[in-house]
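Chemist: I have a structure here, written as structure tokens, and I will follow up with some questions on it.
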Amino acid sequence: RCKDCHGTDLMCHTCTLCVHERQPLHRMECWNTYSFQVTTLKALGFHFQLGHPIGIRCINPKSASNNDFVVLDCNGVHEVGLDFCGCESAQPHITQLLRVRLFPSTTTDPKSAATFRVLEYFQMLSFESKASVWEFYNTVARLTDNTGTR
């Protein structure tokens, strides 16, 4: 089930991936016979393809940073399976990220990015509450895992 979608529908693995093709940063839970266990779309096999329209797979995908890409969003810190377009006419990786509203953490070989939404949210929050970047990040990280062990 998805913690971010409206409703409490339980879906099979295939339906979950299909429904979240346009929502790659939603938080998932999977039933393990006894209880719901936190999982990710990446763990379910989802790959976020850049450089092509949604639903169109690249014929030459380039996995981002050893398949270990991290995205910061308002609802948490997400490990995502992200594939850059490797076609002959592909844009630079930075451009591919910016076109899907992900702001890369570095200009060369990015391994993480923040959504424009979380950047805009932090900007408004810092104007009103004077929260530091460190406090904001810790708050978002706690949305992902509030045990304090990470």
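Chemist: Which distance in nm do the two modelled labels at residue 62 and residue 138 give, with both placed 7 Å along the Cα-to-Cβ direction?
Modeler: 3.8
Chemist: What is the distance in Å between the Cα centres of region 94-150 and region 1-75?
Modeler: 19
Chemist: On to the next question. Quick check for you: with a 1.4 Å probe and neighbouring chains kept, what is the accessible area per residue of the chain, in Å²?
Modeler: For the chain, the solvent-accessible area averages 65 Å² per residue.
Chemist: On a 1.4 Å probe surface of the protein chains, which of 88, 29 comes out largest in accessible area, and what is the full order?
Modeler: Sorted by accessible area, descending: 88, 29.
Chemist: Assuming 0.36 nm per residue, please report the length gained on full extension of the stretch residue 145 to residue 29 beyond their Cα-Cα distance.
Modeler: That works out to 40.5 nm of additional length.
Chemist: While we're on this one: Kindly report, to the nearest 10 Å², the accessible surface of residue 4 as traced by a 1.4 Å probe over protein heavy atoms only.
Modeler: Spelled out: residue 4, probe radius 1.4 Å, area about 50 Å².
Chemist: Which FRET efficiency value, to the nearest 0.05, do you get for residue 87 and residue 43 by plugging their Cβ-Cβ distance into 1/(1 + (r/R0)^6) with R0 = 25 Å?
Modeler: So the FRET efficiency works out to roughly 0.35.
Chemist: A follow-up question, please. Under the Kirkwood approximation applied to all pairs of distinct alpha-carbon atoms, what is the hydrodynamic radius of region 1-61 in Å?
Modeler: 12.5
Chemist: Over the chain, with every protein chain in place, what whole percent of the accessible area is carbon and sulfur at 1.4 Å, could you tell me?
Modeler: Of the solvent-accessible surface of the chain, carbon and sulfur hold 56 percent.
Chemist: Volume per residue, Å³, of the convex hull around the alpha-carbon atoms of the chain?
Modeler: It is 138 Å³ per residue.
The values are calculated or read from the model by the stated rules, or taken from the named source; none is laboratory data. Note that this is a predicted model, so its numbers are computed, not measured. Neighbour counts run over all protein chains shown; Cβ positions are idealised from the backbone, glycine included. Just so you know, the surface numbers come from the protein's heavy atoms only, side chains and all, with ligands and any DNA or RNA stripped out. Shrake-Rupley method; radii C 1.70, N 1.55, O 1.52, S 1.80 Å.
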